[in-house]
Structures are given as structure tokens and as C-alpha cells.
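The values are calculated or read from the model by the stated rules, or taken from the named source; none is laboratory data. As the structure is a computational prediction, the values presented were derived from the model and not from experiment. We place every Cβ from the backbone using ideal geometry, glycine too, and count neighbours over all the protein chains shown. For accessibility, only protein heavy atoms count, side chains too; no ligands or nucleic acids. Shrake-Rupley method; radii C 1.70, N 1.55, O 1.52, S 1.80 Å.
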Amino acid sequence: HGETTFAASEDAGKLRDALGIMPPSGLADAFLEPVEEALISLTSQYARTHGPFTAQEVATKLGLGVAPILSALSVLEERERIVGGEFLPGRHGQEWCDVNVLRQLKRRSLAALRKEVEPVEPDALARFLPDWHGITRPRKGLDGLLDVIEQLQGAPLPASTLEKEILPARITGYRSADLDELCVQGEVIWRGFDSTSGNDGRIGLFLTDHYATLAPFVEPVDDAVADELRTLLATSGALFFHQITDAIRQFPNDLLHLLWRMVWSGELTNDTLTPLRSLRTAAATKNRSDRRAQRGFRSRRQNKLPGSEGRWTLLPKLALPIASDSAAPKAVAAHLPSVTERQMAIANQLIERHGVLTKEMLSREEVVGGFSGLYPILKAMEEAGKVRRGYFVAGLGAAQFAAPGAEDQLRRFRDIEESEPAAKPLVLAATDPAVPWGNALSWPESTEQGRQQRVADAKVIVWQGQLIGYLNRTREHLTTFLPVDEVHQADVIQNLVNVLARLANPGRSMLLSKIDGKAAGRSKFKPFLLEVGFQVTSKGLLHTGRVVNP
């Protein structure tokens, strides 16, 4: 195109056959052999040595019209040596890029993005998680409850703690009736994971449409009566317990015990959470019935067993087909997603729940294959730009993945803002997914090392991202975690005792029998606790709930 330029000697044949340029004399005969598809070869060479380009740029470089270049690009695209699309910001129209160049650009771009993120200290993660879970900004109403369930779905949580602490921490004015309403309307499903005691166990909440992709696989109960119960529910749909006992001639207590075995194995569910509450509060349920009777209400169901309330049904994945000769309609089994669909859905859910996902966080999740099984999916999501990979939290596994924007939000909690020291401490259930200790982070060192566990009814007290107290499940033993710096110990102690006073109420007093493994009456915290309303008793320090310094 009228300009003098340099070219490699070995390209002389291609330049001659593609562009009509006569090579100078003196070149080796090997460089002058006829070249097939010379223009395609020159176009491919341009692609290999440039970033994303347009057909016009190649045509200008070679001094040709756009039409022959487009023809060559089409051939290269068919051979999967280049790809077409829109790559560079601010440009319009079709662009092209060599596949190896594009792969290299992606690798270098991802590497540059990872370098942008400096890891934060673990206390920043402890400040980030309550904010990510919306605990610092509670939601309201049924829509807010659905949002919370969407984030928590699939997490195995103690049933007793879920409604008393985990959901109320996220929903202003939480009511059990709201969750029951969502279950009755078919918006939400609850599923048992395992029984942790005679009247409690771990359950998971699921949005109905997400159940098939997120719920773990089931190991059915091996029992002849269980087979009969499965067939009955598959044929008849949801049934009350008295309907089940009428159809299956077994002792009600034995049948109820079998029913709950199937619940904890993940086979059965109920249209409300009433039977779960009833198991935990059988005595309280009886008292409420007595009060209703005094108000003129008497249950028409006699000898109702605690834990049998509501309608029972098979979970979607266990809908059994009925024999072809049966007159009953066939149960429709839920669509079973592929392994890849399940892994993708689970990975997305974990990222949504934790914001920043590390290997350590999966220790409390029911994920087949663990972190190593999900790693290829997470890596593919990173390459597709759906998540970020980097070293976000210092001291945790090297492979960490974050939701878009979560890494920036995490960095905002790197330092305590000037207004944050006035923030009130948080009291969270030890099993709450927003609590990192015993999961992503190890429990801090204390005088009672190894006594802290993520169990139902245990509580953690957090201030400015620091764990300052742990109450065991009976609320009688307190473990404290004071900073080494004595200047800040006074603030920590004052916030800690204020929280303990708040936890006591007229309906449920608090008795501290031990603090840091020693008798509470001989603890250095005794004077501070007496100031906020605790009293000395023979069994420890007691707070009756009376307001002190309102």
C-alpha cells in the first residue's frame, strides 16, 4: 500500500502469492515455493501477533479491500483458529481475536485482578459476615423472609435455633406464622438432615424450585412399614397423621417414631414447622391447650401425639411411580438435574451465602465431594467472570472465591471506622452462618480451650469483629476473650456485661455459675456484673431481668 516495510525472508512466497509483491533476488529457493492459501496464512499471522482487531485493520495493513479479508477470517473461524465477537470497550461492530491470544489475555487479566486484592485480617471477615447476611440491616415481611431463606437455603441448622435466633436476627418482628404460611403456600420446603437429640435436629430450608438442585441425596429408611408409608403418600399425597394411622394399622407411637426417622433421613416433610416446635415444647403445648380450654376452646382431636401435627408428604425427589395397574394417578417425580447442574447450583448457593468462600467454610455444609469436588466448577465460574478468585482473607486457604463486589465490601471492613467503636455488640447463635469461629476461623485461645462448639442454644458475643464472649447452651458457663492490650480491656468488659444483662429478662433469668472455668462468685468480672443487676447466690451470679440503669 505504498509504504516500505520489513518482512521475514520465509514470508516472501506468501507475500508474492497473496499480494502480488515480487521478492528481491538472492533468496533461497525454499522461500520461493508456491504457498497454498497464502492470504489466509497472512491473516492468521496477523491475528497471532495482535490483540482483538477488525477486518478493516487487517485490510489496511495488507493494502487490500475488506471483502477478501472477511473471506479469510471466515475460513479461520470455521477452523476454530480465531473467534469473533466484541472484546474491547468503546468499540462497535464485529471484532476478531486469535484463540490463543484470547486465552492469554484472560489469564493475564485474571492474574492482574488477583493482584489488586490484598488479604484482610480475620477480624475483617468477622465484621463483614453479619453485614453480608443482613443482620446489621434486618429485613421485614414475607418478602424479606423469602430473601433470607434464599440466602440460607440448604444450610443444615438446628431447628431450635433457627426460629429463636437465626431468623429473628435477620427479620424485624419475625413470626413463626410467616414461615408456616410460606410452607403452606408451597413457596418453601423444609428438610431434615439428622437428629441431634430426642426433640431437636438439623433442618434446611429450600425455595421449592431450588430443592432438586440443592438438596443432598437421600438414604431411604430400610423398613417394610416405611415402604408401605412411601406408597401411601405417593398415592394419596399429603395426609394428616390420623389418616396415616387409619391406613397403616400400626401402633401410633411406633408409626410416629418411624415417620420421624424418615424425616431425619430426608424422605418426608410437613406443610408447617409445627411438629418440630411441638417436639421441643410438649409440656408448653399442653399448657397452651389447657389455657385454650379455659377460653372455651377444646381440641376435637383426642390424644394427639406431640410431633404428629400437620400434613405429611414425600419430598419431591422421592415421589414414587405407582404401579401401572393402579387406578390412582401416577405421582410425578421431580426433574432430576445432572451432576453438573447440581454442582453449579450448589457452588452459586455457597457463594451467595458466604460472600467469600474458602475451603474451611465447607466443613459445616452438606456438600458431596467437599471443596475439591466444587473446585473445577468454581474455576469455570471464575473464567466466565461470575466469581473472583484471590487471596482475600489472610490465614485461610489459598484458593478463595468471592461473589462480584463482595471482595470490595470485605475490604471496607478492613479498618474500624471512627463511628464503629460506639456500635453495640452482636449476640448471635453459635451455629449462625454469619459466625466464622469454629468454621472458617479457629476459636481464639482461652482458659477453657476446646470447650467452645457450634451447638444449638450456645451464643457468641461479638464486638468490632472480635469474639469477646461465649455462652454455653445452658447459659450458665461464660468464656471470655479479652484483648492483651489492657487499655481496651475496660471497654470490652463493659460491653460484655451490658450484653449479659440484656440477655436476662423477666421471663427467663440468667444464672452464671462459672466464668472462664472458675466459680462466677470469685471471678474478676463479679464487680462489673453486680453493677448491671446480677446478684450473688449460693449457685453463682443471678440476674432476674429487673432493669438496672434503664
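For the reader, a short list of remarks on this structure follows.
- For the stretch 337-398, the dipole from Cβ point charges (+1 on Lys and Arg, -1 on Asp and Glu) about the Cα centre works out to 120 debye, to the nearest 20.
- For the stretch 1-49, the solvent-accessible area works out to 69 Å² per residue, with a probe of 1.4 Å and every protein chain left in place.
- Degrees, to the nearest 10: 339-354 long Cα axis against longest axis of the chain: 70 degrees
- Assigned charges on the beta-carbon of Lys, Arg, Asp, Glu; the stretch 11-81 dipole about Cα centre (debye): 220 debye
- Residue-normalised accessible area of the stretch 130-266, expressed per residue, 1.4 Å probe, Å²: 43 Å²
- According to the Cα-based calculation, Rg over Rh for the stretch 36-144 is 1.32, with Rh computed by the Kirkwood formula.
- Surface share of carbon and sulfur [accessible, 1.4 angstrom probe, percent] for the stretch 91-202: 49 percent
- Amide H contacts under 5 Å for Phe240: Trp312, restricted to partners 5 or more places along the chain or on a different chain, H placed in the peptide plane at 1.01 Å from N.
- Cβ-based charge dipole, the chain, positive-most Cα from Tyr211, Leu157, Phe525: Phe525
- Answer label, with Cα extents along the principal axes in Å calculated from the coordinates and candidates (i) 112, 80, 36; (ii) 87, 55, 54; (iii) 93, 60, 56: (i)
- Listed residue pairs exceeding 24 Å between alpha carbons, taken from Lys164/Lys424; Lys140/Lys424; Lys164/Lys518: Lys164/Lys518
- The stretch 377-511 - accessible surface per residue (Å², probe 1.4 Å): 46 Å²
- Relative to the dominant Cα principal axis of the chain, helix 141-152 is inclined by about 70°.
- Projecting the Cα positions of Thr479, Met361, Ala423 onto the charge dipole of the chain (unit charges on Cβ atoms of Lys, Arg, Asp and Glu, taken about the Cα centre) puts Thr479 furthest along the positive direction.
- When restricted to Cα atoms, the stretch 26-97 yields an Rg and a Dmax of 13.7, 47 Å, respectively.
- Karplus 3J(HN,Hα) series, Hz, for the stretch 12-24 with 6.51 cos²θ - 1.76 cosθ + 1.60 (x for Gly, Pro): 4, x, 5, 5, 5, 6, 8, 10, x, 8, 7, x, x
- Here the Kirkwood formula, the inverse mean of 1/r across different C-alpha pairs, assigns the stretch 172-259 a hydrodynamic radius of 15.3 Å.
- The 3J(HN,Hα) values that the Karplus relation (6.51, -1.76, 1.60; θ = phi - 60°) gives for the stretch 371-380 are, in residue order, 5, 5, x, 8, 4, x, 5, 5, 5, 5 Hz. Gly and Pro appear as x.
- For the stretch 1-110, trypsin sites (Lys or Arg not before Pro) meeting the loop criterion (DSSP other than H, G, I, E, B) and having at most 13 other Cβ atoms within 10 Å: Arg79, Arg91.
- Of all DSSP-defined beta bridges confined to the chain, some 90% are antiparallel rather than parallel.
- Annotation: peptides 474-482, 245-253, ranked by per-residue average of other Cβ atoms within 10 Å with the highest first, follow the order 474-482, 245-253.
- Positive-end extreme of charge dipole, the chain - chosen from Pro404, Leu350, Leu496 (charges on Cβ): Leu496
- Per the Kirkwood formula applied to alpha carbons, the stretch 474-548 shows a radius of gyration over Rh ratio, Rg over Rh, of 0.95.
- Using only side-chain charges placed at the Cβ, +1 for Lys and Arg and -1 for Asp and Glu, the dipole size of the chain relative to its Cα centre rounds to 3160 debye.
- Take 403-410, 336-343, 460-467 and order them by the average number of nearby Cβ atoms within 10 Å per residue, most first; the result is 460-467, 403-410, 336-343.
- The stretch 432-506 - percent of accessible surface contributed by carbon and sulfur, probe 1.4 Å: 47 percent
- Most to least packed among 229-236, 366-373 [average Cβ atoms within 10 Å]: 229-236, 366-373
- The stretch 459-504: translational diffusion in µm²/s, Stokes-Einstein, Kirkwood Rh over Cα pairs, 4 °C, 1.567 mPa s: 119 µm²/s
- Summarising the amide proton neighbourhood of Thr196: residues at separation of 5 or more, or on other chains, whose placed amide H is nearer than 5 Å comprise Gly201, Arg202.
- Backbone amide hydrogens, once placed in the peptide plane, bring Phe481 within less than 5 Å of Gly469, excluding anything fewer than 5 places away on its chain.
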